[in-house]
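Notes to accompany the following structure.
The values are calculated or read from the model by the stated rules, or taken from the named source; none is laboratory data. Worth saying up front: this structure is predicted, and the values here are computed from it rather than measured. Virtual Cβ from ideal backbone geometry, glycine too; neighbours counted across all protein chains shown. Surface accessibility is based on the protein's heavy atoms, side chains included, excluding ligands, DNA and RNA. Shrake-Rupley method; radii C 1.70, N 1.55, O 1.52, S 1.80 Å.
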Amino acid sequence: MKSDCIDFYYFTGTGNTLLVVEKMAEIFKEGGKTVNLFRIEKSDPCEADTSHVIGIAFPVAVQSTFRFVWDFVRSLPDAKGSEVFMVDTMMMFSGAVVGPMRKVLRAKGYTTIGAREIKMPNSWYPSCLDEAKNRNRASRGLEEAEDYAVDLLDGKARWRRVPALSGAFYWMVSRPRIWSGMAGAARNYRVDPEACIQCGICAELCPVGNITSGGIPTFGDKCQQCMRCLAFCPPEAITREGKDYELYRAVKVQKILRRDVRTSGKTSAASAYEKKQPRP
Ligand SMILES: Cc1cc2nc3c(=O)[nH]c(=O)nc-3n(C[C@H](O)[C@H](O)[C@H](O)COP(=O)(O)O)c2cc1C
């Protein structure tokens, strides 16, 4: 890597990607790098520092990734050879992100130094949670993250060639109709008014500002199904009607809310959440 400073931008829905990012950051630091972690949903891509190495991490969604992640990548500043790497986490397979993202970044003038896709537990309405299996999967995923970070440090990582079909595949899965269908999910989100503690965490977690706070939450039509509001509602008051699933989360909500290096101290919703917890 040409720079000693890595700005690692990430989005995580239920925490898998955050675990991978933290593992990689640990290895980078051991390798003598300075690592800054930035939440994609809280960052202005135009302010990205192209004198640093840029890392981009996100979950796979619909064979690609969320539209707001793509918006972020597309809005990064033009570069003159700055190095960039990506890592995604997924349940099984993605056909429409590695190649297309390399194309976008190269067109902006970046040197694409590595891409890796790491299997982690499924976050998308898992029908049942097999905790032992998930633990196993996550620990293998983190080993892979470690190897990938070492490869990046050693200059051995690769961003594999654009597979012939991935551009066409990307075109298919990024159709507005698919994403407006995804947004429809929120029409079936229900809040149990008895259980809701009106802490506002769901609104703070939503990366696309689709949830109103200040009372019982209501949902707009911009949902991209990142799963955060369902997974991290403290009293689990938000459910999706008509769907049989178990809730998956890989980390605690405070970790997701506090992990932004641009945010000092606790976020207001995290503090509100703590205040609402019963005292031992
Ligand atoms: C809306 C949505 C769509 C998904 N689509 C895919 C997919 O196409 N392929 C796949 O392998 N995993 C898919 N997944 C699973 C996630 O990519 C995977 O569980 C990921 O590790 C979640 O990361 P996170 O915990 O950081 O959000 C999807 C998850 C969500 C929420």
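Worth a mention:
- Looking only at the stretch 17-49, and only at residues there that are part of a loop (DSSP other than H, G, I, E, B) and open to solvent by 20 Å² or more (accessible area, probe 1.4 Å), the one that is nearest to CYS223 (Cα to Cα): ASP44
- Residue that is assigned by TED's automatic domain parsing to the domain that holds THR12 and in contact with a Ser or Thr (Cβ under 7 Å, 6 or more places away or on another chain), where the choices are SER174, SER127, SER123, SER139: SER123
- The requirement of being within 16 Å of the ligand (Cβ to nearest atom), crowded, with 17+ Cβ neighbours inside 10 Å and of a type in the set (Gly, Ala, Ser) is satisfied by ALA231.
- Residue within the stretch 177-197 that is modelled with pLDDT under 85, farther than 23 Å from SER127 by Cα and surrounded by fewer than 19 Cβ atoms within 10 Å (Cβ to Cβ) present: yes
- Filter result (touching a residue at least 60 places away in the same chain (Cβ under 8 Å) and open to solvent by 30 Å² or more (accessible area, probe 1.4 Å)) within the stretch 114-134: ASN122, SER123, TRP124, SER127, CYS128, LEU129, ASN134
- Counted as qualifying within the stretch 174-233 are the helices (runs of 4 or more DSSP H) with 2 or more residues that are in contact (Cβ under 8 Å) with a residue 12 or more places away in the chain and over 17 Å from the mean Cα position of the chain (by Cα), namely 176-183.
- Selection within the stretch 203-236 - touching a Lys or Arg at 6+ places or on another chain (Cβ under 9 Å) and small (Gly, Ala, Ser): GLY209, ALA231
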